[in-house]
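S.K.: Below is a structure I'd like to ask you about.
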Amino acid sequence: MSFDGDQPAAGRRGQWRAKVFGRWPGKQPQEDNSRVSFLRSLAKYVVRDIVWLGAVGVCATTLGLASVFLYLNPQIPTTETYRHYRFETPLRIFTADGALVAEFGNRLIPIDFDDVPRDFINALLNTEDKRFYDHAGIDLISLANDVVDLFFSDVRTGASTITMQLAKQVSFGPEQLMIRKLKEMLLAIKIERELTKDEILELYVNIMAFGKQAYGVQAAAHTYYGRPVEELNVAQLAMLAGIIKKPTAGNPINGPEWAINRRNLVLRRMRSQGSIDEAEYQVAVASPITAAVHQRGIDLPAPYPAEWVRQQLIERYGTDIYTGFVVHTTLDSKRQAAAQRAVRAGVLDYDIRHGFRGPEGQLALDALTVGEGGMLDTTAIAEALDAYGSSRGLEAAVVVQIGERRVEVMRATGEIVGIDWDGLRWAPYLDTDRRGPTPRRAAEIVSRGDVIRVLQDEEGAWRLRQLPEVQAALVALDPRKGSIAALVGGWDFQSKQFNHALQAARQPGSGFKPFVYSAALENGVTPASMFLNAPLVFEDDALEMDYRPRNDSGEFSGPMRLREALARSINMVSMRVMTSIGARPVLDHVGHFGFETANLPEDVQLAIGGGTMLFTPLDMARAYAVIANGGFLVQPNVIDRVERLDGSLVFEGRYPEACQPCPEPDDEGVAPVSAPRVIDEANAFVMDTLLRDVIAHPRGTGRRARGLERSDLAGKTGTTDQSTDTWFNGYHPTLATTVWVGFSDHRPTGEGEYGSRTPLTIWMDFMREALADEPVVERPIPDGVVRVKVNRATGRVARPDDPDALFEYFLADSLPKRAPGDTAGEKRTRVRPEDIF
C-alpha cells in the first residue's frame with residue numbers, strides 16, 4: 001500500500017485533475033451537474049468583475065477628465081480673445097507730406113476670408129487638417145495615430161488640428177509639453193463652439209507666422225513675392241502653405257531645399273485629394289523657387305527720427321502702438337532727404353581728407369577657387385563679403401587684380417569692376433593730424449585679397465572708400481512752432497543706434513557766445529561797445545599755473561567793437577564782456593533760452609562755451625530759435641497726430657507757438673497758444689543783426705555761407721579745444737538748423753577742423769535745398785530799437801560828415817554817447833585803453 005506522496009508525478013497530476021473536473025484516473029468522463037453549476041457560477045463572477053472594473057474605469061476617467069478640466073480651464077483664455085482678436089499690425093510713421101519713413105513690428109496685412117484664394121485654403125486643409133470641417137476641434141483619428149506613434153515610433157506628428165494650431169499661436173508658447181497640448185485641445189473645443197469654421201480659418205490665415213517677420217498670408221505674399229496673395233499661382237501658394245510648418249528655418253530664403261520639398265509634399269496632397277488635377281500638379285511641381293525678400297515700401301528711410309517717435313509712443317501707450325498706430329510727424333520729406341544727403345557728403349569728405357586707414361579684412365583668394373582652372377568661387381566670396389554688410393551705399397568688395405595705377409575688385413554680386421587712379425589715390429592715414437606720403441602705385445595702397453569699401457559716383461565711376469569713424473548730427477526745426485523738419489543722428493543707424501542729435505551732450509564752444517552777448521545787451525552793453533582784444537591772465541590757486549586763454553588765431557588786435565568781435569569769434573573779447581557784467585547775470589539770462597544752468601561754470605569758461613557745459617544739437621537749435629522767432633521759447637516736437645487703422649484719433653499735438661497776439665480760432669474753434677516770451681523782441685532783433693554779420697562780415701567765421709546768396713541767414717560757428725567738437729548753428733526766419741561733427745569717443749577731429757569747415761559745409765548743403773522755395777525775408781525793426789550812425793574805430797556817435805561812419809542798432813535805453821569834448825567841427829579825440837575797459 002502506498003501513499004499519494006509516494007506516487008509518481010504523473011499520477012499526482014491525474015488525481016488533481018479528477019478533483020477539479022470530477023474525474024478519477026482511469027474512469028470515463030461523465031456528465032456531472034455540480035461541475036456545470038460551478039462553471040456557470042465562475043462565469044457569472046467573472047462577468048460581474050469585468051462590468052465592475054469597467055464602471056470603475058469610466059468613473060475614474062470621468063473624474064480624471066473633470067479634474068483636468070477644472071485645473072486647466074482657469075488657465076486658458078476666454079474665447080472672446082478670438083472673437084475680438086486684435087491684430088498685431090506694425091507701427092507706421094509718416095512725414096507731414098505723407099512719405100512713409102519707418103515701420104516697426106511684425107508685418108501683418110489683414111485679409112477677409114472671401115478674398116483668400118481657394119487654392120491656398122485647399123493647400124492648408126489638405127496638408128494641415130483634412131478633416132477640418134468634420135471635427136469639433138480635435139481630430140480623434142489623428143490623435144489615436146499619434147498616441148500609437150508615441151509608443152511604437154520616434155516620429156512625432158503632433159496631431160494638431162488647425163483650431164489647435166490657432167490656440168497655440170495666440171495663447172501658448174511653442175514648447176512640446178503635455179500640459180500645453182491638453183490646454184490646446186480644451187481651448188480648441190471652446191473655440192469651435194464660439195466661432196464658425198470660416199471664422200476660424202480667417203483668423204488662422206491672418207496670424208500664422210511665415211518667417212521674415214511676416215504674419216498672415218497677405219503679408220507673406222508681399223514679403224516673398226512682392227504682390228498680393230490673390231495674384232499668386234498654385235506653386236507659390238503651396239510654398240506659402242508649406243512655410244507654416246517651419247517659418248524660420250523652412251522658408252524659401254533660409255532653407256530653400258527644405259522649402260521646395262515641403263512645397264512638393266503640399267502639391268502631392270492637393271493632387272491626391274482632388275484639389276488640383278495632374279496637369280496642374282506637373283506644372284507646379286516643376287516650378288523653381290521664385291521667392292525673394294521684398295523690402296517694405298518705405299518711401300524715405302529715416303531711422304533716427306523714427307526711433308525717437310517710437311520711444312515717445314512706447315512711453316505713452318506701451319505695446320498698444322503695435323496694433324495699427326499710424327503716426328503723422330512734423331518731418332518734411334524733402335528737407336529730411338536733403339539733411340541725410342548733406343550729412344553723408346560732409347562725413348565722406350572729412351574721411352577722405354584724413355587719409356586711408358587700410359583694408360577692413362583679407363580673404364584668402366587662392367583657397368576660394370573652383371575647378372581645375374582655379375576660377376574664383378563667386379558664391380563663397382559673396383558669402384564672405386555679405387558678412388561685412390553695406391553702410392550708406394558703401395559696399396564691401398575684394399581686390400582681385402592690381403595694376404600699376406588701377407585695381408579690379410569683385411563685388412558681392414560676383415561682378416568685377418575697376419577703380420582708376422583718380423578714385424584710388426589716397427594718402428595713408430597716420431593719425432588725426434598727419435598723413436603719409438602720396439602713393440605713386442596701386443600696390444602701395446592695397447593688396448590682392450584686401451576687403452575694401454567701394455562707392456559708385458554720379459558719373460558711374462567706382463571709387464575707393466572706407467567706413468567713416470567720425471559722426472555728424474543735424475537738427476532743423478521751425479522756430480515759430482518748434483516742429484522738427486529734419487533730423488539726422490549719425491552716419492548709419494544700423495551700425496550705431498546712438499542718436500547724436502538728441503543724446504550727444506557736448507561743449508558748444510563759441511556757439512554759446514550769442515547768449516552771453518544777449519545777456520550783455522540786457523546789461524547796457526551795445527554792439528558798438530569797445531573791448532580790448534589782448535591777452536588775459538587768470539590766477540587760480542586750484543591750478544598749477546595761471547590760466548592764459550588765447551584766440552584760435554593766436555593774434556591780438558587791440559580795441560574792437562562788440563559786433564566785429566562776435567563776427568570773428570574773438571575769445572578775449574567774449575571773456576571781457578562776461579567779466580564786465582558778471583557771471584551771475586549771464587547765468588540768469590541764458591536760462592531763458594532753455595538751457596539747464598545748474599551745472600554751468602561760473603567763470604570765464606562760460607564766455608567761450610567750455611568747462612562743464614554740455615548741450616545736445618537739439619538744445620542748441622532750440623536756443624537759436626529764440627533769436628530767430630523774436631524772443632519766444634518753443635517746445636521741440638515731432639509728433640503731429642496719431643491715428644488707428646480705422647482713422648480714429650489717438651493723439652493730436654497742440655504745441656505753443658511764437659505768436660503775440662496769436663491768430664483767431666480756426667473753424668474747429670482751436671486757437672494756437674502763445675509760447676512764453678523769454679527775451680525782449682528788441683534784444684532778439686539786435687542779436688539777429690549781430691549773427692547775420694557772422695556770415696556777411698568779410699572776416700566772419702561763417703562767411704562761406706555767403707555762397708548761398710541770401711541776406712536773411714544768420715548763425716555762429718563753434719569749436720572746442722583740440723577741435724573735439726565742431727558746430728555750426730544758424731537759421732533763417734522759418735528754419736533753425738544746428739550741425740555738429742565729432743567722434744563718439746571724444747577724440748579730436750584734427751588740426752584745421754573748425755566749425756567753419758565740415759559743419760558749415762553740411763549746413764550750407766542742407767539749407768541750399770531746404771530754402772530753395774523760401775523767399776528772402778526782411779526782418780522789420782521792432783519798437784525799442786534805434787539805428788544810429790557811429791564811428792567805425794571808436795563805436796561812438798559819428799559826426800554828420802564822418803567818412804568812417806556806419807549805422808549801428810541800439811536798444812532804446814542803451815544809446816551810444818559822443819566822444820568826450822566832441823563838438824561839431826572839432827577834431828575827434830583818440831581813444832585810450834583806459835577809456836575802453
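The values are calculated or read from the model by the stated rules, or taken from the named source; none is laboratory data. The model shown is predicted, which means the values in this text are computed figures rather than measured ones. Cβ sites come from the backbone with ideal geometry, for glycine too, and all protein chains shown count toward neighbours. Accessible surface is based on the protein model in full, side chains and every heavy atom, while ligands, DNA and RNA are left aside. Shrake-Rupley method; radii C 1.70, N 1.55, O 1.52, S 1.80 Å.
S.K.: Which members of the stretch 273-299 meet the condition of being touching a residue at least 40 places away in the same chain (Cβ under 8 Å), assigned to a helix (DSSP H, G or I) and open to solvent by 60 Å² or more (accessible area, probe 1.4 Å)?
M.R.: E280, V283
S.K.: Out of T726, T719, report the one residue that is open to solvent by less than 10 Å² (accessible area, probe 1.4 Å), under 21 Å from A501 (Cβ atoms) and hydroxyl-bearing (S, T, Y).
M.R.: Going through T726, T719 in turn, just one is open to solvent by less than 10 Å² (accessible area, probe 1.4 Å), under 21 Å from A501 (Cβ atoms) and hydroxyl-bearing (S, T, Y): T726.
S.K.: When the stretch 236-272 is examined, which residues are found to be buried (at least 21 other Cβ atoms within 10 Å of the Cβ) and more than 36 Å from the chain's Cα centre (by Cα)?
M.R.: Answer for the stretch 236-272, where residues must be buried (at least 21 other Cβ atoms within 10 Å of the Cβ) and more than 36 Å from the chain's Cα centre (by Cα): V266, L267, M270.
S.K.: If N533 satisfies all but one of (1) touching a Ser or Thr at 6+ places or on another chain (Cβ under 7 Å); (2) surrounded by fewer than 24 Cβ atoms within 10 Å (Cβ to Cβ); (3) at pLDDT 95 or above, what's the number of the condition it fails?
M.R.: For N533, the failing item is (3).
S.K.: Is there any pair with a first residue in the stretch 326-338 that is among the hydrophobic types (A, V, I, L, M, F, W, C) and a second that is in a helix (DSSP H, G or I) and open to solvent by 20 Å² or more (accessible area, probe 1.4 Å) whose Cβ atoms are under 6 Å apart and which are 6 or more apart or on different chains, and what are they?
M.R.: A338/E769
S.K.: Look through the stretch 408-425, keep the residues that are hydrophobic (A, V, I, L, M, F, W, C) and under 20 Å from S390 (Cβ atoms), and return whichever of them is most open to solvent (accessible area, probe 1.4 Å).
M.R.: Looking at the filtered set, the residue picked out is I416.
S.K.: Could you tell me which numbered condition F512 fails, if it satisfies all but one of (1) open to solvent by less than 20 Å² (accessible area, probe 1.4 Å); (2) at pLDDT 95 or above; (3) part of a helix (DSSP H, G or I); (4) touching a helix residue (DSSP H, G or I) at 6+ places or on another chain (Cβ under 7 Å)?
M.R.: (4)
S.K.: Could you count how many residues in the stretch 728-749 are of a type in the set (V, I, T) and assigned to a loop (DSSP other than H, G, I, E, B)?
M.R.: Result for the stretch 728-749: 2.
S.K.: Checking the conditions here, which among L467, L487 is in a strand (DSSP E or B) and either at pLDDT 95 or above or open to solvent by 10 Å² or more (accessible area, probe 1.4 Å) (or both)?
M.R.: Answer to the check: L487.
S.K.: Can you tell me which residues in the stretch 360-390 are surrounded by fewer than 18 Cβ atoms within 10 Å (Cβ to Cβ), under 30 Å from A473 (Cβ atoms) and touching a residue at least 24 places away in the same chain (Cβ under 8 Å)?
M.R.: Matches in the stretch 360-390: E360, G361, D386, G389.
S.K.: If you go through the stretch 300-321 one residue at a time, how many are over 15 Å from the mean Cα position of the chain (by Cα) and either open to solvent by less than 40 Å² (accessible area, probe 1.4 Å) or touching a residue at least 40 places away in the same chain (Cβ under 8 Å) (or both)?
M.R.: Here the count works out to 4.
S.K.: Considering only the stretch 800-822, state which residues are open to solvent by less than 50 Å² (accessible area, probe 1.4 Å) and among the charged types (D, E, K, R).
M.R.: Residues satisfying the conditions are D802, E808, D822.
S.K.: Also, quick follow-up: Report yes if R86 is open to solvent by 40 Å² or more (accessible area, probe 1.4 Å), modelled with pLDDT under 70 and charged (D, E, K, R), otherwise no.
M.R.: yes
S.K.: Here is a follow-up. Specify the residue that is surrounded by the most Cβ atoms within 10 Å (Cβ to Cβ); the eligible residues are those in the stretch 200-227 that are at negative phi and of a type in the set (G, A, S).
M.R.: A220
S.K.: Still on this structure, I have one more. State the number of residues belonging to the stretch 612-639 that are of a type in the set (F, W, Y) and more than 23 Å from the chain's Cα centre (by Cα).
M.R.: Number of matching residues: 2.
S.K.: Select from the stretch 391-407 the residues that are among the basic types (K, R) and under 18 Å from A443 (Cβ atoms) and write down the one among them that is surrounded by the most Cβ atoms within 10 Å (Cβ to Cβ).
M.R.: R405
S.K.: List pairs: first residue in the stretch 414-438 and at pLDDT below 90, second residue surrounded by fewer than 13 Cβ atoms within 10 Å (Cβ to Cβ) anywhere in the structure, Cβ distance under 8 angstrom, at least six positions apart or on different chains.
M.R.: R425/T438; A427/P437; A427/T438; T432/E751; D433/E751
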